[in-house]
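K.L.:
I have a structure I would like to understand better, so I am pasting it below and will then ask my questions one at a time.
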């Protein structure tokens, strides 16, 4: 009995260490993601879509949609819907950071954001958005591309927009509608990098309420086909991330290419 108890204690300790390692593995990364006021809308309602660019979840600084390379939504039919950005009103008491979207059709919607690729160099004077070729005194440089998706619905989930391949440099494509998931289900995701299956890379997942830091209760590597199965452990808003770094052989322009894609959805 004592041996069994010691074994159980050791197993618990190992699990705790693994969870701790997962929790700290992405703690220093910047993130771009999309959120909704409600992921379940009524047909005819106006959804509010929010863009964030920061570290923490769910508390973060709003991003600027007008600075995005792509910022649009796909209706359940697959029709592209551009967001109408509001101009800042200096007379208003509200700082409206959410972008409205009329949910005219029943089904599952896909909101999309992609930032303009940018070089970020560290110099003796601080960080600058230029490559090493433009900054001879640059100490280091990284090239950054971030992408975000949010999946939500009006009335009842339906349609196939959620699995549309957009052609992003790095991309996660759900193999089933996340809006139909329940606690205990698995969400299969296919990860593509430059249009090809990305094997052997970690995908991280968390949910609102788990932590206000970038800590993850789930992490798993993609298989040889770029597939990873996310275990949905409880209801709530879920946040899934695939980060990727590629060190350049030729460092004359930049040292590292940094990519990330984040998907959010709600489980009832």
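Rule-based calculations on the coordinates, nothing more; no lab input. Just so we're clear, the structure is a prediction, and the values are computed from it rather than from any experiment. A quick note on method: Cβ atoms are made from the backbone with ideal geometry, for glycine too, and the neighbour counts reach across all protein chains shown.
K.L.:
Specify whether the C-alpha gyration tensor of segment 157-209 places it in the rounded, prolate or oblate class, a ≥ b ≥ c being the square roots of the eigenvalues: rounded for a/c under 1.5, otherwise prolate if a/b is larger than b/c and oblate if not.
P.N.:
It is oblate, given that a/c is not under 1.5 and a/b is not larger than b/c.
K.L.:
What's the exposure ranking of 143, 55, going from fewest to most Cβ atoms within 10 Å?
P.N.:
55, 143
K.L.:
Sticking with this structure for a sec: Among 34, 180, rank each residue by its count of other Cβ atoms within 10 Å, from fewest to most, as a rough exposure measure.
P.N.:
With the fewest neighbours first, 34, 180 line up as 180, 34.
K.L.:
For a label point 7 angstrom out from the Cα of residue 208 toward its Cβ, which stretches of segment 222-239 have the backbone nitrogen within less than 16 Å?
P.N.:
234-239, by backbone N distance to the label point.
K.L.:
Roughly how many whole Å is it from the C-alpha centroid of segment 120-138 to that of segment 231-268?
P.N.:
Using only Cα atoms, the two centres lie 25 Å from each other.
K.L.:
How do the peptides 254-260, 117-123 rank, highest first, by the average count of neighbouring beta carbon atoms within 10 Å per residue?
P.N.:
254-260, 117-123
K.L.:
Take each of the peptides 126-135, 148-157, 220-229, average the number of other beta-carbon atoms within 10 Å over its residues, and list them starting from the highest.
P.N.:
148-157, 220-229, 126-135
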